[in-house]
Amino acid sequence: MAKRRVVKASGAKTSGAKACVDPTRLEIFKNIFHSVAEEMGAALRRSAFSPNIKERRDYSCAVYDADGRVLAMGDHMPVHLGSMPASVAAARAAFALEPGDIALLNDPFAGGTHLPDLTMVMPIFVGAPTGATAVAGGAPSFYVANRAHHADVGGALAGSMGPAREIFQEGVRIPPVKIFRRGDLNADVMALLLANVRTPTEREGDLAAQFAACRTGERRLHEIVAKYGVAEVAAYGGHLLDYSAEMMRAALRVVPSGVYAAEDFLDGDGVNDEPIRIRVRVEIGRGCAKVDFTGSSPQCAGNVNAVEAIAVSAACYVFRCLLSEDVPATSGLMTPIEVIAPSGTIVNAQPPAAVAGGNVETSQRMVDTLLRALAKAVPGRIPAASQGTMNNLTLGGRDPRRGGAPFAYYETTAGGMGARPTKDGASAIHTHMTNSWNTPVEVFEQVYPVRMHRYAVRRGSGGRGRYNGGDGIIREIEFLTDMRVGLLCDRRKRGPYGLAGGEDGGVGKNSVGANGKSIPLPGKCSLQAKSGSVLKIETPGGGGWGRLTRGNKSSKTRKKR
């Protein structure tokens, strides 16, 4: 029997400082900390080499207090932001961080999520100059951290997201290490990392962009402390934690007390076709919530296993969505929420499980299941299921246009948003745990040996109802050279659920063809594609909300695909 793991998020301890809180000052500091995270993200994006970070914006940045609690998150990727406190905690536990140090890690079983997400954690010592090379006494006053998805981190298949049965096949695994030590690059660690990836120049450029983001956060926090003083900055950081916790408690008090349960399924793990259950039981009462994933399937042979940081991240995202006001995105949000993630299950896998898909696919299904449960409590506030997958695509090979230079590409693909209780769902959009953009066709074709034949809305793929689910999209990509192609998708067997009598959204489809012939592809696969072949990805539509009525003309005239 799987051992239960109870997780209290890093906001479990609040500052306790209640007196003398100036609400105007509180709003100022909320925006100050948020602006630091946002500027870090801008520096990372502008400096990055890969389209995945520069164009798709697959990165996240955040600011933490001296105890590793979140003070502000950038408006970045929910799956990153909710799980990144575990990386900060892992770095703090691994070794003493000194001025000028930057820790690097990606180990999913030591604070990470999946291997392509490289996380950097930097301590901020307000008594030491920026970029300090000398050791200063005392502990850090703050931390800054960023996470970026790298298009390749080695492993058996290009893109590091292909089918695998254990983590050792997925890429280079990095426990917390010091990539910078007292302001100096640890060249040995960098050399070891670059020797194990297919595109070392691009990886080095993206890592440099992450360094720049850390330095940007360091400079801004020094400026803030110089202006307001460390005591006031730290105090209002604590007040923000307390305020966020109180606002979450207030939101939970509005939800009727009770126990709400739901389950949903992943199509399979890429090894077996058996559906994988995500089960959740949400208990609400007295301004608190308990999220219990007991009953979810055991960890599987394929790569859709999630680590417990992902379970916490999914819960954080869903409950943050219940807030109707502009509440500071701090660790305080999770203070009234307990997450139970049973060890050895699909929501809290143990080594040496493969985990690449847990971060991108299982996280989405956790959200779907949590929202389905909460729809029983507050039906007028919960949308139908969105596409429920990130439709991950990886490409890798050698580009004949650049003398046979190696390339690796990764992207997620948008789909349909679930219909809402008052309006249709949006079409062709990233939803829930991903907040990325697309790679513009012009950039895609310029950087990689591909040609885009079609990029269009998949009309009629959204579920019908009083309000229709959003439509997915269709992408047809021609390969201009032989290359390795990987697909990691879900919702290919079961469409996203409708709510309140609305229809389910259409399932996704994948196929590859050449010379007028096409063959279907499973949702999770890897293949060696020939030059001239065309990959077609049709993403799921969102579920509909409410029963179709005679007066709903827009729904009646819509053709179901």
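Radius of gyration and Dmax for the range 367-448's Cα atoms, expressed in Å?
Rg and Dmax of the range 367-448, Cα atoms, are 18.0, 60 Å.
Just how large is the dipole of the chain about the Cα centre, in debye to the nearest 20, putting +1 at every Lys and Arg Cβ and -1 at every Asp and Glu Cβ? Mind showing how you got there, number by number?
Working: 69 positive and 53 negative charges, 426 e Å.
It works out to roughly 2040 debye.
Between residue 549 and residue 20, what length comes free when the chain is fully extended (0.36 nm per residue of separation minus the Cα-Cα distance, one decimal in nm)?
184.9 nm
Would you work out which of 237, 248, 261 lies farthest towards the positive end of the dipole of the range 213-272, given +1 charges on the beta-carbon of Lys and Arg and -1 on that of Asp and Glu, about the Cα centre?
237
Calculate, for the chain, the solvent-accessible area per residue in square angstrom, rolling a 1.4 angstrom probe over the heavy atoms of the protein chains.
About 36 Å² of surface per residue is accessible.
Nearest 20 debye, what's the magnitude of the dipole of the range 360-413 about its Cα centre given +1 on Lys and Arg Cβ and -1 on Asp and Glu Cβ?
So the magnitude is around 60 debye.
For the residue pair residue 139 and residue 528, what label-to-label distance in nm results when each label sits 7 Å from Cα along the Cα-to-beta-carbon direction?
5.5 nm
When the Debye formula is applied to the Cα atoms of the chain, each taken as the same point scatterer, what base-10 log of I(q)/I(0) results at q = 0.08, 0.10 Å⁻¹?
-0.51, -0.80
Mind giving me the nanometre distance, one decimal, between the label points for residue 350 and residue 452, set 7 Å out from Cα along Cα→Cβ?
4.6 nm
Could you please state, rounded to a whole Å, how far the C-alpha centre of the range 26-45 is from the C-alpha centre of the range 374-450?
If we compute the Cα centre of each part, the gap is 26 Å.
Starting from the range 409-460, pick out the GluC sites (Glu not before Pro) whose DSSP state is loop and whose Cβ has at most 10 other Cβ atoms within 10 Å.
none
Which percent, to the nearest 5, of DSSP beta bridges fully inside the chain are antiparallel?
DSSP beta bridges in the chain are roughly 95 percent antiparallel.
Would you mind putting 259-270, 101-112 in packing order, based on average other-beta-carbon counts within 10 Å, highest first?
Descending mean neighbour count gives 101-112, 259-270.
List the DSSP H helices in the chain whose Cα atoms stretch 24 Å or more along the helix axis and whose mean Kyte-Doolittle hydropathy is at least 1.6.
none
So for 228, 236, what's the accessible-area order with a 1.4 Å probe, most first? Walk me through the numbers on the way to the answer.
Details: 228 45, 236 15 Å².
Final ranking, largest accessible area leading: 228, 236.
Stretch residue 156-residue 95 to full length: gain in nm at 0.36 nm per residue minus the Cα-Cα span? Could the numbers behind the result be given before it?
Values: separation 61, 0.36 × 61 = 21.96 nm, distance 3.11 nm.
Gain on extension, residue 156 to residue 95, equals 18.8 nm.
Between residue 46 and residue 402, what length comes free when the chain is fully extended (0.36 nm per residue of separation minus the Cα-Cα distance, one decimal in nm)?
The residue 46-residue 402 span can extend by a further 125.8 nm.
Based on the Cβ-Cβ distance of residue 443 and residue 301, what FRET efficiency does E = 1/(1 + (r/R0)^6) give at R0 = 30 Å, to the nearest 0.05? Could the numbers behind the result be given before it?
Values: r = 37 Å, r/R0 = 1.22.
It comes out at approximately 0.25.
Using 7 Å Cα-to-Cβ label points, what is the residue 223/residue 493 separation (nm, one decimal)?
Each label point lies 7 Å from its Cα, and together they span 5.3 nm.
Find, among the GluC sites (Glu not before Pro) in the range 142-209, those assigned to loop by DSSP (not H, G, I, E, B) with at most 16 other beta-carbon atoms within 10 angstrom.
Passing both the DSSP loop test and the Cβ count: 166.
The values are calculated or read from the model by the stated rules, or taken from the named source; none is laboratory data. What you see is a predicted model; the values in this text were computed from it and never measured. Backbone-built Cβ (ideal geometry, glycine too); neighbour counts: all protein chains shown. The protein model used for the area step is the full one, side chains on, heavy atoms only, and it has no ligands, DNA or RNA in it. Shrake-Rupley method; radii C 1.70, N 1.55, O 1.52, S 1.80 Å.
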